[in-house]
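Data block below; observations after.
Bear in mind these aren't lab numbers, they're just calculated from the coordinates by the rules spelled out. Keep in mind that what you see is a predicted model, and the values were worked out from it rather than measured. A quick note on method: Cβ atoms are made from the backbone with ideal geometry, for glycine too, and the neighbour counts reach across all protein chains shown.
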Amino acid sequence: MICRVALVAALLLPVVPAGAVDATVSAAPVTRFRGADLDQPVDRLIFRGGMTLQSPDDTFGGLSSVSQTGADQRVSFVTDRGNFVAGQLAYDEADRLIGFIGVTIEPMRNSAGDVLPRQYARDAEGMDTIWRDGVPVAVRVGFEHLTRVADFAITDGRPGGAAREVPIPQWLTDLRTNESIESVCIAPEASPIAGSTLLLTEEALDEDGNHRGEFLGVNDKGPVTYVNSPIVNPTDCKFLPNGDLLVLERGVSLFAFVMNLRRVPADQVKPGNLMKGELLLSAQGGEIDNMESLMVHQTPGGETRILIGSDNNFNDWQRTLILEFALPE
């Protein structure tokens, strides 16, 4: 049964900015995963439920990365077609994810404030939020094809406005494919490299066959590598509050999607290192879809959750699937 959250809840959100459009999004609950019911263990995590999302708006889809952009579970996604999809995650009294409400879709803009002119420049794949004194002030977005990184200001929980280009090393700029910058994450205060931005590539490999990456920072900057695993490639990353790094990996095997989630200890996340994470979760086939989004956040009930979302590539035969997990105490 599709769960439709009351439209009045959307009135709690700020006025829609110029250039953005409202989108109606419905949600259907997901209450089992790999044979586990709600609150049961799956590998090294606890399954907390999820939902599939649908919308009649043909600009809704292609969700490639997600980040918290405001209080009260306000989040934003970036898409394959160069849009910000912003809204609020809705939870019920049992702290279960039940909807995505107050959704707006707004096109990204270049540094002149103009809408990105062509698809080659629009393919946003990674995003994380920049915080100042506990307040989200901007998002940092990584693009492939026309490979670059840019910041966008946050207003009332929604990113937008003119892009502010972020300098990146020339070797990254020279990558002009859809397998370049795939993951963007910013280290939290508890991390030994607090404030540094980690960029991970999908298919730019070093001489040993590992994924190349780069740290952008003042004191902690420079190249890094991430161990390559069979079938899968890194597709998003986020830090846990203690500084450990989570890396979401995605691939295809025998025409079925494959997903891994790995955890790299905080002391291993540094320039010059070869990062290798322990496996927390693995899934394939009909249990998942094209899982590309990763976020760590707190629910209204105060639990730290790991949210994993899929990119449906604007295909009717794929789903926009959102799953949530908790780490065992």
(Q) Give me the extension gain from residue 28 to residue 256: residue separation times 0.36 nm, minus the current Cα-Cα distance, reported in nm with one decimal. (A) 79.8 nm
(Q) Can you work out the Karplus-derived ³J(HN,Hα) for every residue in segment 104-121? Use 6.51 cos²θ - 1.76 cosθ + 1.60 with θ = phi - 60°, whole Hz, and x for glycine or proline. (A) 10, 10, 9, x, 6, 10, 7, 5, 8, x, 8, 4, 3, x, 8, 4, 4, 9
Q) Using a simple charge model, +1 on the beta-carbon of Lys and Arg, -1 on the beta-carbon of Asp and Glu, nothing else, what dipole does the chain show about its Cα centre, in debye to the nearest 20? A) 280 debye
**Q.** Leading residue at positive end of dipole, segment 7-326 (Cβ point charges), from 157, 42, 199
**A.** 157
**Q.** Eligible lysines near residue 221 by straight Cα distance, threshold 16 Å, same-chain separation 8 or greater
**A.** 270
Q.
Let me check against my output: what whole-number percent is the relative contact order of the chain, with C-alpha pairs under 8 Å and at least 6 apart?
A. 16 percent
Q) Quick one: length gained pulling residue 153 to residue 268 fully straight, 0.36 nm per residue minus the C-alpha distance? A) 38.3 nm
(Q) Using Stokes-Einstein with the Kirkwood hydrodynamic radius over Cα pairs, what translational diffusion coefficient do you get for the chain at 10 °C and a viscosity of 1.306 mPa s, in µm²/s rounded to a whole number? (A) 81 µm²/s
